[in-house]
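J.: Here it is, the structure, as structure tokens.
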Amino acid sequence: MSEVAQLATALGKRWGLDRALRDARATLAQQVVQLEQQAAELAANESRALHIASHDALTEAPNRVAFQRALAERARRPGSFAVAMLDLDRFKLVNDTIGHLAGDALLRAVCGQLQDAMPAGGMVARLGGDEFGLLYDTTGETAALATANALVAACSTTVTIFGQSVRGAASIGLVVAEAAGANDPCRLLRRADLALNDAKRHGRNCARLFDHELDESVRLRQRIEKGLSHAIERGELSIAFQPIVSGSAHEVVGFETLLRWDTQEYGPVSPAIFIPIAEESNLIHDLGDWVMERSLMAVKRFPGQYVSVNVSPRQFRRQNFVADVSARVQRAGVDPARVQIEITETAIFDDAEGAARTLDALRALGFRIALDDFGTGYSSLYNIRTFALDTLKIDRSFIEGMPRERESLAIVRSIVHLAHSLGLNVVAEGVETQGHVDLLRAAGASHLQGAYFSIPVNAAQAIGLAHRRWLAGMAPPLLARTGTDG
Ligand code: C2E
Ligand code: CA
Ligand code: CA
């Protein structure tokens, strides 16, 4: 009996052990499967991570890291190739006016167009924002430029986004790396970037090839920047005043203040050259503050006229701009109604909401606000109607064209008409002849400015002009130019 019992116990143990072993095997098998799954997942994750690290999430195109890697790799191989930087024109405007989703859709659409237009084996990478990098093999500069022009054309298609049609436009700067050249990727990128800036300066929507003069012009810009940084302390700056007269009685209502720079090294340098350079560096803030201080000092000596001060987009967007000018007028004891701020549309449209707030604040303090160079950019009366503006200054290119071209005259007429219906004053700039005066009078322009009345003059001459009237047909421009006490 005890033997039977012992056997039964032994068998029971054995079965128990067998079951445990079976269970352990099953668990192990399950763990192996799990491990294999995890390994596969890890591998997938790793390739996904690699993809994410080298691709742009929005367009799925290779990103900056991938572009730099491809460029470095290409530079080690023989044969000529082109490196290009592409930038969408006025992309911020699309983002700000139609919205970020539209901006994203435009980026994706343009990226697709570029990939379709890119020759086989070439690369389209999104470097960030609205900037793309392009890399393709080529036989030489002519062929490379032709490809770049085709790529620019590919971007200028109209995309319909949320029922709104948006026309894409792009600028390209490119450099061709010769097979035998020393092709440092960083230098190639810098040169493509210089060529891109050149393309943007020359009217956008085009492709420009790098050329060694660009390096030269960079050096010139650096020299100007350096000189400008000492201009205030060296006393090389001054201000010129140009009268703005009423359209009917030709009375002087205000003076635009225009900065002048007379250098020891190169003689006078035009603001059309040094202002853009100052704007690209922080120098514009010191220059702008200096101009504002001098303008406020000058306006106190004018018998009632206002000063119209040019303010660059960067100054205007400065955080404390309103507080700063308001403190300055207070300190100077000048009524803000005697200060007009001249801004350009770039100042408004790069950040429409911020600009609207700044303009409202300035208006509330009593400043006048003028929109300069109207008609040259993208703004229309429709999209400026909500901003707190007092005056539109019609760009002088229209005034100049008026006697010859019907369109210029028609444009001036309709700007004047619509501006008046919005309660805005209109200053016609660059009025040079009696013919201009007559046409502008007929068109109903409320104010005129230009060499016909007076070129920009110094403060003493301006005070002399302040009481002057120009009777129709009685003011030969030469007489006006001499001023009265200068
Ligand atoms: P702007 O604001 O459009 O100034 C008008 C320009 O037209 C001035 O050139 C003026 O001298 C010129 N002008 C005036 N009447 C006539 C005319 O009848 N015919 C012609 N052909 N030209 C005329 P300027 O003084 O060389 O200034 C060029 C630009 O530099 C200005 O264009 C403005 O954008 C900028 N600028 C000048 N001073 C300042 C400043 O203090 N601050 C800022 N931010 N920009 C300034
Ligand atoms: Ca101006
Ligand atoms: Ca102007």
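The values are calculated or read from the model by the stated rules, or taken from the named source; none is laboratory data. In this text, all values refer to a predicted model and were calculated from it rather than measured experimentally. Here the Cβ positions follow ideal geometry from the backbone for every residue, glycine too, while neighbour counts run over all protein chains shown. For the accessible areas, the whole protein counts, side chains as well, though only heavy atoms, and no ligand, DNA or RNA atoms are used. Shrake-Rupley method; radii C 1.70, N 1.55, O 1.52, S 1.80 Å.
J.: For region 104-121, check the following and say yes or no: at least one residue is surrounded by 16 or more Cβ atoms within 10 Å (Cβ to Cβ), in contact with a Phe, Trp or Tyr (Cβ under 6 Å, 6 or more places away or on another chain), at pLDDT 95 or above and not in a helix (DSSP H, G or I).
T.: So far as region 104-121 goes, no, none of its residues is surrounded by 16 or more Cβ atoms within 10 Å (Cβ to Cβ), in contact with a Phe, Trp or Tyr (Cβ under 6 Å, 6 or more places away or on another chain), at pLDDT 95 or above and not in a helix (DSSP H, G or I).
J.: Output the residues belonging to region 326-348 that are open to solvent by less than 20 Å² (accessible area, probe 1.4 Å) and away from ligand 3 (no atom under 16 Å from the Cβ).
T.: 329, 334, 339 - these are the residues of region 326-348 that are open to solvent by less than 20 Å² (accessible area, probe 1.4 Å) and away from ligand 3 (no atom under 16 Å from the Cβ).
J.: Something else now. From (1) in contact (Cβ under 8 Å) with a residue 12 or more places away in the chain; (2) open to solvent by 30 Å² or more (accessible area, probe 1.4 Å); (3) part of a loop (DSSP other than H, G, I, E, B), pick out the condition that doesn't hold for residue 411.
T.: (3)
J.: Inspect all residues belonging to region 96-105 and state whether any of them is without any contact (Cβ under 8 Å) to a residue 40 or more places away in the chain, touching a helix residue (DSSP H, G or I) at 6+ places or on another chain (Cβ under 6 Å) and small (Gly, Ala, Ser).
T.: yes
J.: Which members of region 366-402 meet the condition of being within 20 Å of the chain's Cα centre (by Cα) and among the charged types (D, E, K, R)?
T.: Across region 366-402, the qualifying residues are 372, 373, 395.
J.: Within region 132-157, how many residues are over 23 Å from the mean Cα position of the chain (by Cα) and touching a residue at least 12 places away in the same chain (Cβ under 8 Å)?
T.: Of the residues in region 132-157, 11 are over 23 Å from the mean Cα position of the chain (by Cα) and touching a residue at least 12 places away in the same chain (Cβ under 8 Å).
J.: Considering every residue within region 320-331, establish whether at least one is within 16 Å of ligand 2 (Cβ to nearest atom) and not β-branched (Val, Ile, Thr).
T.: For region 320-331, residues within 16 Å of ligand 2 (Cβ to nearest atom) and not β-branched (Val, Ile, Thr): absent.
J.: Filter region 362-399 down to the residues that are farther than 20 Å from residue 349 by Cα and within 16 Å of ligand 2 (Cβ to nearest atom), then identify the one that is modelled with the highest pLDDT.
T.: So the residue we want is 367.
J.: Of all the residues that make up region 373-389, how many are part of a loop (DSSP other than H, G, I, E, B), more than 16 Å from ligand 1 (Cβ to nearest atom) and of a type outside the set (Lys, Arg)?
T.: Within region 373-389, residues that are part of a loop (DSSP other than H, G, I, E, B), more than 16 Å from ligand 1 (Cβ to nearest atom) and of a type outside the set (Lys, Arg) number 5.
J.: Are any of the residues in region 158-165 free of Cβ contacts under 8 Å to residues at least 60 places away in the same chain, surrounded by 12 or more Cβ atoms within 10 Å (Cβ to Cβ) and in the same structural domain as residue 194 (by TED's automatic domain parsing)?
T.: Checked against the condition, which is being free of Cβ contacts under 8 Å to residues at least 60 places away in the same chain, surrounded by 12 or more Cβ atoms within 10 Å (Cβ to Cβ) and in the same structural domain as residue 194 (by TED's automatic domain parsing), region 158-165 yields at least one hit.
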